[in-house]
Amino acid sequence: MRASSRSIVDPRSETRVADAMVPTHVAIIMDGNGRWAASRHLPRVAGHREGARALRRTIEAAIGCGVSWLTIYAFSSENWRRPAGEVLDLTGLLRHYLRTEVAELNANGVRLRFIGDRSRFDEDIQRDLQTAEHDTAGNARLNLTVALSYGARAEIAAAARAIAEAAQEGRLVASKIDEASFPAFLSTAGIPDPDLVIRTSGEQRLSNFLLWQAAYAELVFLDVLWPDFCRDDFEAALADFARRERRFGARPG
Ligand code: IPE
Ligand code: IPE
Ligand code: MG
């Protein structure tokens, strides 16, 4: 199991989970911004703005807990179906955060990667995504992958297409394609599989997120809305993970 040994405090039970297993890779479905805003009679964009603050806290928490890979679901391929005004708000916030946050992330040793269909974003955003990846490529403290215009089914279909083309052109032998070689064709090539997937807002589904990669991830569903997500919630999810027994299909030990 890819995990390092560390201690975490479980704030809910107030017990110290001694020498707990910290997941190497945590993936988060950041959900509930709209409901957070609605409960305060605010426009949905206020929830998305507050959600960005929660993300900042989460990055700090991940670094503090010794998590070295963090993947966040920020915008799904299906989210383009939302009303044009909300899509504009979301892409506007993305543009803003790329311009204002990347320098600080860089200074804190965060390496940024983006997965998803970036060709659907305006050209200036595509440029900023590329610059952010390039400028932070030498960092290793936290590997932060942001899923933008991402959908796992599209990702898997694209991998199948690339494999078919390579086979057709004689660059690849079909019989060599297996579980070990297939992930190299996914947008997450080189990134370890997530050990833990957290979803906020009480919904209990994956919504087309990392369907291949999360095959054996532990799932934690939290009732907290994403804008309220704080370090205690992150540590509680890690403590929950530490109590799970991962079997990977083998007999219980
Ligand atoms: C998550 O919050 C952010 C995105 C999907 C972009 P939502 O906007 O889905 O919030 P709810 O689920 O409507 O509360
Ligand atoms: C999943 O949330 C996508 C992100 C968090 C970016 P959604 O709110 O879009 O998912 P559904 O529609 O409830 O499944
Ligand atoms: Mg939602």
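Structural remarks
- Note: relative contact order over segment 110-167, using C-alpha pairs below 8 Å and six or more positions apart, is 50 percent.
- Three-way shape call for the chain based on the alpha-carbon gyration tensor, with the a/c threshold at 1.5: oblate
- This model, with +1 at the C-beta of Lys and Arg and -1 at the C-beta of Asp and Glu, gives the chain a dipole about its Cα centre of some 180 debye.
- Here is the list for segment 96-188: GluC sites (Glu not before Pro) lying in DSSP coil, each with at most 12 other C-beta atoms within 10 angstrom of its C-beta, are GLU169, GLU179.
- Helical runs assigned H by DSSP (4 residues or longer) give the chain a calculated mean residue ellipticity at 222 nm of -12500 deg cm²/dmol, each run adding -39500 (n - 2.57) before division by the residue total.
- Accessible surface, per residue, of segment 104-253 when the full set of protein chains is kept, probe 1.4 Å, Å²: 53 Å²
- GNM result for the chain, Cα springs below 10 Å: residue of SER149, SER119, SER187 fluctuating most strongly: SER119
- On segment 108-217, 48 percent of the accessible area sits on carbon and sulfur atoms, based on a 1.4 Å probe.
- The tail of the calculated P(r) for segment 103-165 beyond 18 Å holds 46 percent of all Cα-Cα pairs.
- Taking the chain as a Gaussian network of alpha-carbon nodes connected by springs under 10 Å, the highest mean-square fluctuation of the residues ALA157, ALA61, ALA147 belongs to ALA157.
- Among GLY64, GLY116, GLY47, the residue with the largest mean-square fluctuation in a Gaussian network model of the chain, with springs joining Cα atoms closer than 10 Å, is GLY64.
- Across segment 19-77, Cα pairs under 8 Å and at least six residues apart give a relative contact order of 51 percent.
- Per-pair calculated FRET efficiency, R0 = 35 Å: ARG243 and GLU179 via Cβ, rounded to 0.05: 0.80
- Pairwise centroid distance, computed over Cα atoms, of segment 211-253 with segment 58-132, Å: 23 Å
- If only the Cβ of Lys and Arg carry +1 and only the Cβ of Asp and Glu carry -1, the dipole of segment 71-126 around its Cα centre is close to 160 debye.
- Segment 146-196: trypsin sites (Lys or Arg not before Pro) in DSSP coil with no more than 16 other Cβ atoms inside 10 Å: ARG171
- Distant-in-sequence amide contacts of ILE28, defined by a placed amide H-H separation under 5 Å and a gap of 5 or more residues or a different chain, comprise THR71, ILE72, TYR73, ILE198.
- Using a probe of 1.4 Å, the accessible surface attributed to THR131 totals some 70 Å² when neighbouring protein chains are kept in position.
- Label-point separation, TRP80 to ASP135 (7 Å along Cα→Cβ), nm: 2.7 nm
- Taking every alpha-carbon pair under 8 Å whose residues sit at least 6 apart, the chain reaches a relative contact order of 28 percent.
The values are calculated or read from the model by the stated rules, or taken from the named source; none is laboratory data. Everything numeric in this text was worked out from a predicted model, so none of it was measured. Neighbour counts are summed over all protein chains in view; Cβ atoms, including those assigned to glycine, are modelled from backbone coordinates with ideal geometry. The protein model used for the area step is the full one, side chains on, heavy atoms only, and it has no ligands, DNA or RNA in it. Shrake-Rupley method; radii C 1.70, N 1.55, O 1.52, S 1.80 Å.
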